[in-house]
Amino acid sequence: MRTRTAVLVESGRETPYADSRPLEIQELDLEPPGPGELLVRIKAAGLCHSDLSVINGSRVRPLPMALGHEAAGEVVETGEGTEFEVGDHVVLAFVPACGHCDRCVGGRPALCGPGAAANGAGTLLSGAKRFVAPDGTRPNHHLGVSAFSEYTVISSRSAVKVDRDLPSDIAALFGCAVLTGAGAALYSAAITPGDTVAVFGLGGVGLAALLAAKAAGASTLIAVDVVDHKRALAESLGATHTVPGGPDAVDQIKDITNGGPEKVIDTTGVVPVLEQAYAATRAGGTTVTVGLPAPGTPLSIPALSLVAEEKTLRGSYLGSCVPRRDVPRFIDMYRAGTLPVDALLSDHLKLDDINGAFDRLHTGEAIRQIITF
Ligand SMILES: NC(=O)c1ccc[n+]([C@@H]2O[C@H](COP(=O)([O-])OP(=O)(O)OC[C@H]3O[C@@H](n4cnc5c(N)ncnc54)[C@H](O)[C@@H]3O)[C@@H](O)[C@H]2O)c1
Ligand SMILES: [Zn+2]
Ligand SMILES: [Zn+2]
């Protein structure tokens, strides 16, 4: 079948992307799903900073690549041996979990070995590439999803079945921003009632973390960002304090909490900010980092403080979530009103407007922009 798909043809082009157009909308052939795969009609796809990091070259991926990894859609064809049916509504998770490796069996599918290898190689879990360009070459898949496309083929291990009555633009958010942010707060940071918390970075991921921290009963909840309107939004969503980012942030946060919050989550992807997040964390507390800086960027923290202040620094990939458990769980929280993630959705747009939309993510103007098909 044919599909219109946004393909990243080159990374590192100059901004504004609306002019340099690193993403081309191409007419591609899409092969039918192989065993264990699904053909999905994408209904909504979100723009995440992890896409932007591939576009600006800080995350090197094989190109050309059919980009995008946060989506909701409908199954239109099933390959052999899947547990899905035509018509199922699905949210796509950006790590296909094989179900067999030691990490999957150990309950940590976000760290699936074969899933990570396929994602790194730009293939599906099977090793296949299903998009075919007019010249016969095969664009790479992005994180097994390739969301910026009318249709995509995915491993069924990337899919989570969801209720049909959930609007697609909301459902898409659960695939990355909510799994990552809420998971970081509830699982990686394990926020419990009464905890003092700070969240650095108030994009889609950081705001999801903030909402989940509030749902978990954080007492003091400090929202940190350099962008004024994001701090204002965070306040309306339950932040008890806001702090502008910058060199004074650590002192301000320590003043508010009389020595630092017990749990600090960094979602900026900026290493000096992670160093601030660690410095702001209270003795005995935990710093969780979700941001994805360029590989090879070193982190500098005083080693003694890990021991003498018993601090914990931990990473969080896919929010340490189990997508098939946690997408439904977080959707239930959304429906109950405790995780109002519709607040993350700043704009709706069409596939042809994708380059300019990445300019708005780059400048910090937008939060979660959703392409609808
Ligand atoms: N670990 C994972 O599984 C995972 C999943 C998704 C995204 N990510 C990463 O998480 C990060 C956040 O993603 P997003 O889509 O929410 O990005 P985003 O660009 O929407 O949000 C980042 C926020 O950080 C703020 N910021 C930048 N510099 C700052 C500073 N000095 N002080 C305070 N705030 C500052 C920006 O203004 C922005 O609001 C990215 O690095 C992304 O690649 C990780
Ligand atoms: Zn993402
Ligand atoms: Zn696995």
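Quick look at the numbers
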quantity	calculated
Cα-based reach from K43 at 21 Å (exclusive), listing lysines while leaving out same-chain residues under 8 positions away	K161, K350
Helix axis angle, 204-215 relative to the chain longest principal axis, alpha carbon, degrees	60 degrees
Acute angle (nearest 10 degrees) that the helix 271-280 long axis makes with the longest principal axis of the chain, alpha-carbon atoms	40 degrees
Accessible surface of the chain [probe 1.4 Å, protein heavy atoms]: carbon and sulfur percent	51 percent
Gap separating the Cα centres of the stretch 305-366 and the stretch 213-274, nearest whole Å	16 Å
Simple label model, 7 Å out from Cα along Cβ direction - L299 to E83, nm	3.4 nm
Per residue accessible area in Å² of the chain, where ligands, DNA and RNA are left out and the probe is 1.4 Å	38 Å²
Pairs of lysine residues in the stretch 190-315 - Cα separation under 17 Å, sequence separation of 8 or more or cross-chain	5
Helix-derived mean residue ellipticity, 222 nm - over the chain, DSSP H n ≥ 4, -39500 (n - 2.57), to 500	-7500 deg cm²/dmol
Pair R2, A283: separation of 7 Å Cα→Cβ label points (nm)	6.9 nm
Relative contact order of the chain, defined on C-alpha pairs under 8 angstrom at six or more residues apart (%)	18 percent
Distance in nm between pseudo-label sites at A133 and R164 (7 Å out along the Cβ direction from Cα)	3.9 nm
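The values are calculated or read from the model by the stated rules, or taken from the named source; none is laboratory data. A quick note: this is a predicted structure, and the numbers were derived from the prediction, not measured. In this analysis, Cβ positions are derived from the backbone assuming ideal geometry, glycine residues included, and neighbour counts consider all displayed protein chains. Only protein heavy atoms, including side chains, enter the accessible area calculation; ligands, DNA and RNA are left aside. Shrake-Rupley method; radii C 1.70, N 1.55, O 1.52, S 1.80 Å.
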